[in-house]
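A.B. asks: Below is one structure. I have some questions about it.
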Amino acid sequence: MEVAEEFKELMQMMRSPVFSNSVRVGILLILLGVDRITFTDLLKSVDLSKSSLYSHLKVLQNSEMIIVKDVFTISRPRTMIQITPKGRTALQKYLELIEKYSKRDVT
Amino acid sequence: MNDQDPLSGFHESESIARKAYFRLARKNIGITYLVVSTYVPLIYVLSIIYLDFSKSSPFLSQIAWELTHSPFIYITYMLIVSILIYRLKKIPLVLERIQEIKKTEPPKRTRKVSRLLTSSFSPLTYLPTVIYLVVALTLLNVLPLNKELSNIIGNIVNLSILILILLYFHKIFSQLNVDKPRVEDFIAIAGVMIGFIGGIFNPYFFFVFSFSWMIAGLSIVRKFW
């Protein structure tokens with residue numbers, strides 16, 4: 001019964017705009033490992049066009065998973081992307097459910 | 001991703017994250033190589049200033065002497081390297097979590113012990129201890145060693161720090177599973193070995209180490225900036 005509930009919860013999560021797309025989950029995973037990253041670094045790391053990356057970031061920003069802000073550095077202003085506590089919690093929950101799903105799949 | 005198996009979507013996300021981690025880790029290791037490579041030339045330049053300006057500019061010469069004989073520069077370099085490593089500290093944890101998700105077998109009993117060993121010998125715990133020891137021993141003048149012996153001990157400590165840094169980066173890259181050691185890494189390892197072993201007999205060998213790390217650092221930074 002509990003397993004079915006968790007599977008339902010995972011499926012529900014995967015219907016949300018954030019977790020329905022692997023690129024967005026990928027961006028959140030990157031941010032979980034490095035806390036924050038510049039737009040240029042992120043663009044160079046993922047094989048996406050500038051506009052496509054912007055649209056993914058917009059979805060994540062609207063869901064309050066990330067914060068996008070302009071910061072001034074020594075060389076030039078940079079766009080910094082940072083994960084929010086809400087984003088971190090949601091991703092941890094997603095990883096927890098995926099892990100349970102993965103283990104359940106085998107048995 | 002909606003209509004797919006949840007795991008296949010997760011694998012796509014994981015591969016995106018791995019690529020990004022790889023790039024960021026490479027960039028940081030390149031900067032580390034470059035930063036460390038400037039240490040020997042800096043100390044050499046300060047020694048030249050101390051010797052050449054002792055008559056014409058005693059004040060400048062005195063500053064150079066103080067800098068070369070105090071742990072200030074050494075600690076500054078250690079702090080910069082620690083910050084560069086600290087920036088990557090969460091990547092192995094996330095990768096371990098991903099690995100855990102992908103693993104189908106239950107975890108082995110030795111895992112906790114091995115994790116404890118790797119974490120207690122990580123540069124993150126090692127570097128601050130070394131910095132503390134250098135400061136404490138220098139300030140208290142505790143070590144009554146002759147110059148040659150203290151130089152050898154210093155070389156061994158520095159060599160072990162550099163090897164630990166290299167091992168730490170190796171650990172990250174083996175977890176990333178996207179890249180084999182590159183030419184730059186072999187140049188850096190060879191430079192450390194030749195520089196430090198030769199440096200015991202002739203200090204000019206340290207320039208081999210410095211030069212090799214500079215070449216490796218420049219090459220990596222140029223590719224991954």
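A.B. asks: Please determine whether any residue of the range A:40-59 is touching a residue at least 24 places away in the same chain (Cβ under 8 Å), crowded, with 16+ Cβ neighbours inside 10 Å and hydroxyl-bearing (Ser, Thr, Tyr).
C.D. replies: The answer is no, given that none of the residues of the range A:40-59 is touching a residue at least 24 places away in the same chain (Cβ under 8 Å), crowded, with 16+ Cβ neighbours inside 10 Å and hydroxyl-bearing (Ser, Thr, Tyr).
A.B. asks: Filter the range A:1-22 down to residues that are in contact (Cβ under 8 Å) with a residue 12 or more places away in the chain and either touching a Pro at 6+ places or on another chain (Cβ under 8 Å) or crowded, with 21+ Cβ neighbours inside 10 Å (or both), then give me how many there are.
C.D. replies: Of the residues in the range A:1-22, 3 are in contact (Cβ under 8 Å) with a residue 12 or more places away in the chain and either touching a Pro at 6+ places or on another chain (Cβ under 8 Å) or crowded, with 21+ Cβ neighbours inside 10 Å (or both).
A.B. asks: Please pick out the residue among B:96, B:105 that is surrounded by fewer than 16 Cβ atoms within 10 Å (Cβ to Cβ), at pLDDT 65 or above and either within 14 Å of chain A (Cβ to nearest Cβ) or touching a strand residue (DSSP E or B) at 6+ places or on another chain (Cβ under 6 Å) (or both). Steps first, answer last, please.
C.D. replies: Numbers: B:105 fails: at pLDDT 65 or above.
It is B:96.
A.B. asks: Moving on to the next point. For the range A:72-107, which residues satisfy the criterion of being closer than 22 Å to residue A:58 by Cα and of a type in the set (Phe, Trp, Tyr)?
C.D. replies: A:72, A:94, listed by residue number.
A.B. asks: Let me ask something additional. Does the range A:10-36 hold any residues that are facing chain B (nearest Cβ under 7 Å) and in a helix (DSSP H, G or I), and which are they?
C.D. replies: Result: A:10, A:22, A:23, A:25, A:26, A:29, A:30, A:32, A:33, A:34.
For every residue, the table says whether it meets (1) without any contact (Cβ under 8 Å) to a residue 60 or more places away in the chain; (2) facing chain A (nearest Cβ under 9 Å); (3) more than 18 Å from the chain's Cα centre (by Cα); (4) assigned to a loop (DSSP other than H, G, I, E, B).
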| residue | (1), (2), (3), (4) |
| --- | --- |
| B:9 | yes, yes, yes, no |
| B:17 | no, yes, yes, no |
| B:24 | no, yes, no, no |
| B:48 | yes, no, yes, no |
| B:51 | yes, no, yes, no |
| B:66 | yes, no, yes, no |
| B:74 | no, no, no, no |
| B:77 | yes, no, no, no |
| B:81 | no, no, no, no |
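A.B. asks: Restricting to the range B:81-93, name every residue that is over 30 Å from residue B:8 (Cα atoms) and surrounded by fewer than 16 Cβ atoms within 10 Å (Cβ to Cβ).
C.D. replies: Result: B:83, B:86.
A.B. asks: All but one of (1) within 24 Å of residue B:91 (Cα to Cα); (2) in a strand (DSSP E or B); (3) not hydrophobic (A, V, I, L, M, F, W, C) hold for residue A:70; state the number of the condition that does not hold.
C.D. replies: Answer for residue A:70: the failing condition is (1).
A.B. asks: Moving on. When you look at residue A:83, is it at pLDDT 90 or above, within 14 Å of another protein chain (Cβ to nearest Cβ) and either out of contact with any Phe, Trp or Tyr (no Cβ under 9 Å at 6 or more places or on another chain) or exposed (fewer than 15 other Cβ atoms within 10 Å of the Cβ) (or both), yes or no?
C.D. replies: Yes: the conditions hold for residue A:83.
A.B. asks: Which of the residues belonging to the range A:88-107 are within 17 Å of the chain's Cα centre (by Cα) and within 14 Å of chain B (Cβ to nearest Cβ)?
C.D. replies: A:88, A:90, A:91, A:92, A:93, A:94, A:95, A:96, A:97, A:98, A:99
The values are calculated or read from the model by the stated rules, or taken from the named source; none is laboratory data. No experiment lies behind these values; they were computed from the predicted model shown. No Cβ is skipped: glycine too gets one built from the backbone with ideal geometry, and neighbour counts run over all protein chains shown.
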